[in-house]
1. Please determine, by comparing only the residues of the stretch 130-158 that are over 14 Å from Val93 (Cβ atoms) and among the β-branched types (Val, Ile, Thr), which one is surrounded by the most Cβ atoms within 10 Å (Cβ to Cβ).
2. Starting from the stretch 113-127, keep only residues that are touching a residue at least 24 places away in the same chain (Cβ under 8 Å), then list their pairs with residues that are exposed (fewer than 15 other Cβ atoms within 10 Å of the Cβ) and aliphatic (A, V, I, L, M) whose Cβ atoms are within a distance under 6 Å, requiring at least 6 positions of separation or different chains.
3. Since Ala92 meets every condition but one in (1) under 16 Å from Phe155 (Cα atoms); (2) buried (at least 20 other Cβ atoms within 10 Å of the Cβ), which condition does it not meet?
4. Considering only the stretch 92-141, how many residues are assigned to a loop (DSSP other than H, G, I, E, B) and within 30 Å of the chain's Cα centre (by Cα)?
Amino acid sequence: MIRIPQPPDELPAKPSAVRVSGTNALDEPPSTQSNDQDAAPLLVAKVMTNATIRQGSPFADDAATVTAKSSISGKKTLPLDLAEAGPLRYTAVGALFACGLVLGFAIPAAIWFPIGGVIITVVGIALAIFGIQSGYTKVSLGLLLIQLILFLYCFGET
């Protein structure tokens with residue numbers, strides 16, 4: 001038969017401190033005298049009442065100080081809120097960066113090899129369209145316009 005320990009019938013209303021061998025455990029450290037029964041070290045727990053529990057990262061600044069720091073410094077913030085950015089947004093930022101790199105290949109290809117320039121600009125157009133979701137819409141629309149102009153130029157040369 002399994003016996004389940006039962007809680008005591010009467011609990012103290014508000015314990016102010018834990019008593020250990022006749023001393024107040026919160027005020028004084030436990031004595032270093034050890035009996036045969038007290039071979040393990042004593043642990044003292046502090047009972048907290050009406051305390052607020054902080055939620056979130058312990059290393060993060062409070063919201064009020066973060067907004068105060070950003071408004072005092074006068075720096076422009078990015079249009080992309082990094083706290084709310086998911087994998088799709090990061091991928092879109094990468095696509096926008098790749099569109100800029102593809103543009104570097106599309107310009108020489110338009111001059112020397114227009115058929116290759118058509119293929120490269122189609123890839124650049126696709127990357128610029130996907131980059132619109134990144135939060136940098138003006139940059140992506142500008143790159144899209146440049147890629148479209150290069151596409152029409154290369155298509156006209158072939």
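1. Ile146
2. If the second residue must be exposed (fewer than 15 other Cβ atoms within 10 Å of the Cβ) and aliphatic (A, V, I, L, M), no pairs are left.
3. Result: Ala92 fails condition (1) only.
4. Residues in the stretch 92-141 being assigned to a loop (DSSP other than H, G, I, E, B) and within 30 Å of the chain's Cα centre (by Cα): 2 in total.
Values in this text are rule-based calculations from the coordinates and carry no lab data. These figures come from a predicted structure and were not determined experimentally. Using ideal geometry, Cβ is built from the backbone for each residue, glycine included, and neighbour counts are taken over all protein chains shown.
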